[in-house]
Amino acid sequence: KVPPSQYQSVVMEAKNADLIDYNKMEARKVSKVNIVQTLKGNVEQAKKVKDATGRDVVVWDTLSYIVGPDGKMVSSIPERYVFDAHSQEPVHAGGESVDGTPVRRDGIEYKWPFLTEKRDYQYFDMQTRTSAPIHYRGTRTFHGLEVYYFEQTIPWTKVPLPKKMPLGVTPEVVKQTGLERWYSTKRMFWVDPVTGAPVNGEELHKEEMRWIGHPEKKPITAFAGHVKMRPDYVDSTVDLVTSQRVLVLLLTSYLPWGLLGLGCLLLTLSLVLEARSRRPGSGTAPAEDPAPDPEPVPA
């Protein structure tokens, strides 16, 4: 099962990206945008949910923190994800939310189930707060690991603005200027099928500010870029997953098959010993024939 106290951080980057300048309300080309994703297991909250539901759950408090080339925040979106520790199915308890707004997830997020299958899954999209199929696109080799490759495309959809943005900008201020946020992405994951953990992830991410009621006006690009995991984090993730998959294989394959083999060996040995014990001259006296029934005495 997934441990309740897990902590992990990943840095993703989009080089030569387009990013909005809120001072001028226009897009500019920047050298790089960093997306820092942290994931922390909330052990205390997981215990409360287990006491209330009787299920073995994990509660992840995550944060997607986007940083511009000047090192200043572009947006910050917290999230709480509550799921079954064994199956990774969402559990609708414990305050599951995105950016402080309650949500009800359908399908997986961040992690696939242990022993992932070659099929499509429902995957929750944080921006739209909805789930859509993520498609299995084949088996590939990545850094020496055999992985399953998945793709999901989210068409242009109107989405909420982050509650935390730079320069004191708020969703209310943006709405007063007559703008709303739209988003589209193509996300790609390379997933280790044993642990269900992605060893790499990328997105072709696009965001626009569109004029409310004026489709003829040109939208303002808020963000557009090819988001990739930073190479050093890819290496550390592959190392972590490689070590964990040995443990999962031990519990799900090596140990069960080993015990089955041992059981068959012991059964065969017992049959051989039983057969040898029944051979003449094996040291065991044959059982005597029972005495015949007495003849009836004539009256």
So, in segment 86-107, how many residues would count as being in contact with a helix residue (DSSP H, G or I) (Cβ under 6 Å, 6 or more places away or on another chain) and either without any contact (Cβ under 8 Å) to a residue 12 or more places away in the chain or open to solvent by 50 Å² or more (accessible area, probe 1.4 Å) (or both)? 0
Scanning segment 42-60 residue by residue, the ones that are open to solvent by 50 Å² or more (accessible area, probe 1.4 Å) and not hydroxyl-bearing (Ser, Thr, Tyr) total 9
Being surrounded by fewer than 16 Cβ atoms within 10 Å (Cβ to Cβ), of a type in the set (A, V, I, L, M) and either in contact (Cβ under 8 Å) with a residue 12 or more places away in the chain or under 24 Å from Val103 (Cα atoms) (or both) narrows Leu204, Leu179 down to just Leu204
Residues in segment 137-146: is at least one assigned to a strand (DSSP E or B), surrounded by 20 or more Cβ atoms within 10 Å (Cβ to Cβ), among the β-branched types (Val, Ile, Thr) and touching a Phe, Trp or Tyr at 6+ places or on another chain (Cβ under 9 Å)? no
When (1) open to solvent by 70 Å² or more (accessible area, probe 1.4 Å); (2) out of contact with any His (no Cβ under 8 Å at 6 or more places or on another chain); (3) part of a strand (DSSP E or B) are applied to Glu172, the one that fails is (3)
Given Val82, Val103, Val98, which one is farther than 30 Å from Thr221 by Cα and modelled with pLDDT of 95 or more? Val82
Which one of these is at pLDDT 95 or above, under 28 Å from the mean Cα position of the chain (by Cα) and in a loop (DSSP other than H, G, I, E, B): Leu161, Leu204? Leu161
Would you please list the contacts, defined by Cβ atoms under 7 Å and residues six or more apart or on different chains, that run from a residue in segment 214-241 that is within 17 Å of Glu26 (Cβ to Cβ) to a residue that is in a strand (DSSP E or B) and open to solvent by 80 Å² or more (accessible area, probe 1.4 Å)? Ile220/Glu26; Ala224/Lys206
All but one of (1) closer than 12 Å to Met188 by Cβ; (2) at pLDDT below 95 hold for Gly144; state the number of the condition that does not hold. (1)
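The values are calculated or read from the model by the stated rules, or taken from the named source; none is laboratory data. Keep in mind the model is a prediction, meaning the values are calculated, not measured. Don't worry about glycine lacking a Cβ; one is built from the backbone with ideal geometry, like all the others, and counts go over all protein chains shown. Accessible surface areas use protein heavy atoms only, side chains included; no ligands, DNA or RNA. Shrake-Rupley method; radii C 1.70, N 1.55, O 1.52, S 1.80 Å.
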